[in-house]
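Any read-out appearing in this document is the output of simple, stated calculations on the displayed coordinates, not a laboratory observation. Model, not experiment: these values are computed from the prediction. Note that we place each Cβ from the backbone using ideal geometry, even for glycine, and neighbour counts take in every protein chain shown.
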Amino acid sequence: MDVPGTQLPCRGLYALAAAPEGVGTRTEERGPIMARRRFAFGLRLPLGAVVLFAALWLAAPGWSAPRNHFDPGGLSIVAVSNRHPDLVSGGEVLLRVSTRSAVPARRVRITLNGFDVTSEFTARPDGTLLGLVSGLSDGRNVVRAELGRRFGRRAGAELVVVNHPITGPVLSGPQQEPFYCQTTAFGLAPATPPECSAPTQVSYQYMSTSGAYKPWPSAGTPSPPYPSDLASTTVNGRLVPYIVRLEQGTIDRGVYQIAALYDGRTPSPYTSDGSWNERLVYTFGGGCNSGYHQGTSTGGVLNAAPGPGGEDLFLSQGYAVASNTLNVLDNNCSIPISAEAAMMTKEHFIDEYGPVAHTIGWGGSGGAIQQYGIADAYPGILNGIIPSISFPDPVGATLNVVTDCRLLDNYFAGHAGYTLTQETAISGFGFYSTCPSWDSSFANRIQATASATPPFRPPFPAIRTRSGTRPPTRTG
């Protein structure tokens, strides 16, 4: 998930395949049940009697046996903020508990690691329960939903949630070091490496009638009287004040930004903001470099793209916009790291604002490469992509070619006897010199620790000795 870190792509790619509603849950029941062999309540029975007994048992109202499990009440638990509950981060997760339409939600009791958290859930118009469960321990957590006893039995569903630190990593592998913090570039408090965490900061801006964003003129949350030049915009057919809530903080060791129109209420996963259209745009920046630093820019959240009349294309229509410095390929040229940062940032957004209808990727060049790579190898983080300044085959013809050429160069260097003609034929290029060129130009940037030295030298603290203070010795 969610969203502060530069990690190494040492685990390779994984596929977040589409999962049906309720994936990850285990439905169970407790009480006297038949054994798989021809026994019932400890008595040996003829096969026909066993079948008849089972049919009569399953005919009771409110019972079913999917996949050889009785399921009274039809309970299921689904992670909303991250479709993969084993990849959750930040100590909290938004969950949905569903029952059959005939079973009232008030009968459900929900626990986290044995502690009752039912009060964190609210009933939704569709009959489900939605709850932001916090206090997750790092590692394995068990969420259970149970119904009261019926016919001497208890129905239950279980979801295992694996929580990871908000600083990461979740899926990308060991993190890059040294790592230089740059939180102050966003007006955040100075941070300490290598985690580079800083307190979250919320500020407000408004679109003026002149067509430019301006800082909100007073401290605190916006309230009437509003500035005389405050513009308005139309969202879902309703005219709303053009006030933007800008949130900045650190997730996965990167700095994240979230911008959304503000309707005067604190964001809540239970009540949708009246100025938000329940859709998210996630932006990606270009370039390609190896990192060692947090970065001073994200893919952009304010004026990320101009509309037909020059207006902010996304915010003016009610979209929320999010990004992270690790989603700028020039800060860290790694698809697994970018995917992780996007997943964690998006998860945090949903925990805060509630379920999203869909998430759209946006960005050009290196930003396009990230969208293609994430959509291809990590489905579900982005539901649609809008790449620009693109490539004929951005995954196969760019980053994959770089890694292939590194492998070929290393292989040929250690296995003498191949002619230049053979090497060229194996590479698939018209000239084999293309491969060493790709290798030397980009291979070190894709694998974060392969670069010889950081792109710049962060300041080191002075070293105190018996004779006083001297500057540290720098090597490399």
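For chymotrypsin sites (Phe, Trp or Tyr not before Pro), the sites in the stretch 397-441 that DSSP calls loop and that have at most 13 other Cβ atoms within 10 Å are Phe431.
Only bridges whose two residues both fall in the stretch 183-388 count here: according to DSSP, what percent of them are antiparallel, nearest 5? Roughly 70 percent of the beta bridges in the stretch 183-388 run antiparallel, per DSSP. Scalar couplings 3J(HN,Hα) for the stretch 159-168, obtained by applying the Karplus form with A = 6.51, B = -1.76, C = 1.60 to θ = phi - 60°, are 10, 8, 10, 9, 9, 10, x, 5, 7, x Hz; x denotes Gly and Pro. In terms of the mean number of neighbouring beta-carbon atoms within 10 Å, the peptides 326-336, 244-254 order highest first as 326-336, 244-254. Dipole of the stretch 179-261 computed with +1 at Lys/Arg Cβ and -1 at Asp/Glu Cβ about the Cα centre; of Val202, Tyr226, Thr250, farthest Cα towards the positive end is Tyr226. Charged side chains reduced to their Cβ positions (Lys and Arg at +1, Asp and Glu at -1) give the stretch 183-388 a dipole of some 260 debye around its Cα centre. Normalised by the number of residues in the stretch 213-353, the mean separation of alpha-carbon contacts (under 8 Å, six or more apart) gives a relative contact order of 25 percent. In this calculation the C-beta distance from Gln201 to Glu177 is compared with R0 = 35 Å, giving a FRET efficiency of 0.85.
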